[in-house]
Protein chains: 2
Amino acid sequence: MSMSSAAISTFEITLTALSKLLDKAEAFAAAKKFDAANMLASRLAPDMFALARQVQVACDLAKFGAARLAGIDPPKFEDNETTMDELLARVKKTLEYIETVPAAALEGSETRDIRIPLRDRTVEFKGLPFLQAWALPNFFFHYVTAYNLLRHNGVDIGKRDFLGS
Amino acid sequence: MSMSSAAISTFEITLTALSKLLDKAEAFAAAKKFDAANMLASRLAPDMFALARQVQVACDLAKFGAARLAGIDPPKFEDNETTMDELLARVKKTLEYIETVPAAALEGSETRDIRIPLRDRTVEFKGLPFLQAWALPNFFFHYVTAYNLLRHNGVDIGKRDFLGS
């Protein structure tokens with residue numbers, strides 16, 4: 001079991017699925033004749049992130065997850081998306097970046113030292129627990145919440161769309 | 001990176017976190033003086049599973065995930081929980097079962113043949129893609145949705161509760 005398949009493949013499959021979910025959300029808005037951007041501000045609770053932010057954070061967790069395991073600095077993406085098309089573009093440029101991270105760079109990353117600066121503290125991990133107990137659960141958290149927000153808004157998607165290929 | 005740490009550890013950490021989320025939901029109901037069972041029927045969309053079913057399915061994905069990788073038959077648990085205490089007990093007996101699956105039984109399970117009977121088809125995997133593309137994403141799907149339902153119902157939980165240890 002390689003770190004590359006555990007990390008990169010999961011991010012690729014899931015971001016590809018996310019991109020298709022947002023396509024369906026856009027088609028749903030077009031069919032119902034409302035502005036797809038209306039969904040971007042949708043929240044499941046008033047103190048949870050809205051849809052746009054859930055997608056941005058999922059993208060960043062994949063980008064930083066791959067880069068930190070590879071020991072490289074990822075590009076910075078601004079959080080300035082205000083339309084569904086822009087949000088889709090964010091997912092696509094994240095996917096394109098992740099595909100540039102070579103599998104070989106993740107070899108041996110199980111034991112790499114990883115430091116994550118948060119607002120109020122710094123979290124330190126070895127590569128394997130970073131991936132298993134931080135990057136993947138956080139990534140799925142924001143991805144599933146984005147899915148749930150789209151379902152809550154009436155978009156016709158299901159478990160197979162969620163899982164992707 | 002071992003299959004046991006990727007599977008068993010993730011299920012253990014996450015089900016332990018789920019058990020604490022349900023404890024907080026029960027305390028919230030007690031403080032607000034309503035029956036905690038009222039939350040079990042809560043849904044994010046009318047054609048999504050309610051909270052009780054999300055928890056049952058998350059438990060079963062962990063139980064079957066561990067057992068299938070180990071090549072053993074897990075115990076059958078009835079889906080008959082109608083109170084928050086019963087739902088908590090379901091999580092706890094699932095955890096207890098998973099802790100009985102020896103790490104050694106998962107050695108080499110990357111290439112084990114795994115067949116999953118669904119309502120309308122049978123899905124076949126090798127052990128590694130079963131874990132990465134099926135068991136973990138599906139498990140997190142139901143776990144995050146349970147978390148989102150509790151947040152949507154006003155339970156005071158956050159990302160640290162979600163992540164657990």
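The values are calculated or read from the model by the stated rules, or taken from the named source; none is laboratory data. Here the structure is a predicted model, which means the values were calculated and not measured. Quick reminder, even Gly has a Cβ in these numbers, built from the backbone with ideal geometry, and neighbours come from all protein chains shown. Surface areas here come from the heavy atoms of the whole protein model, side chains and all, with no ligands, DNA or RNA. Shrake-Rupley method; radii C 1.70, N 1.55, O 1.52, S 1.80 Å.
Shielding of peptide A:129-140 by partners, expressed as the average count of other chain Cβ atoms within 10 Å per residue Cβ, is 4.
Interface residues of segment B:3-45, defined as those losing at least 50 Å² of solvent-accessible heavy-atom surface relative to the isolated chain (probe radius 1.4 Å), are listed as B:Leu44.
Each copy carries B:Asn38; placing its label point 7 Å along the C-beta direction from Cα gives inter-copy distances of 3.0 nm, listed from smallest up. Which angle between 0 and 90 degrees, to the nearest 10, do you get for helix A:10-32 versus the longest principal axis of chain A when only C-alpha atoms count? Relative to chain A, helix A:10-32 is tipped by roughly 10 degrees.
Taking all protein chains together and rolling a 1.4 Å probe, B:Glu81 ends up with roughly 20 Å² accessible. Within a straight-line Cα-Cα reach of under 25 Å, B:Lys159 can be paired with the following lysines, leaving aside sequence neighbours fewer than 8 residues apart in one chain: A:Lys63, A:Lys76, A:Lys126, A:Lys159, B:Lys20, B:Lys24, B:Lys32, B:Lys63, B:Lys92, B:Lys93. Simple rule: put +1 on each Lys or Arg Cβ and -1 on each Asp or Glu Cβ in the protein assembly as shown, find the dipole, and look at A:Thr122, A:Ala52, A:Val101; the Cα lying farthest toward the positive end is A:Ala52. In a simple Cβ point-charge model (Lys, Arg +1; Asp, Glu -1; nothing else charged), chain A has a dipole of about 340 debye relative to its Cα centre. Here B:Asp156 sits with roughly 130 square angstrom of accessible surface, probe radius 1.4 Å. Centroid-to-centroid, using Cα positions, segment B:125-165 and segment B:1-54 are 9 Å apart. Of A:Lys20, A:Lys63, the residue with the largest accessible area leads and the full order is A:Lys20, A:Lys63 (1.4 Å probe).
Full extension of the segment from B:Asn153 to B:Ala50, taken as 0.36 nm per residue of separation minus the current Cα-Cα distance, would add 35.9 nm. FRET efficiency for the pair A:Glu99 and A:Leu163, taken as 1/(1 + (r/R0)^6) with r the Cβ-Cβ distance and R0 = 25 Å, rounds to 0.80. Here the simple spin-label model places points 7 Å from the Cα toward Cβ, and for A:Glu124 and B:Lys24 these points are separated by 2.7 nm. Seen against the Cα atoms of chain A and their longest principal axis, helix A:51-70 is set at about 20 degrees. The dipole here belongs to the protein assembly as shown: it is taken about the Cα centre, uses +1 on the Cβ of Lys and Arg and -1 on the Cβ of Asp and Glu, and is about 340 debye. Projecting the Cα atoms of A:Asn38, A:Pro137, B:Ile72 onto the charge dipole of the protein assembly as shown, computed from C-beta unit charges around the Cα centre, puts A:Asn38 farthest toward the positive end.
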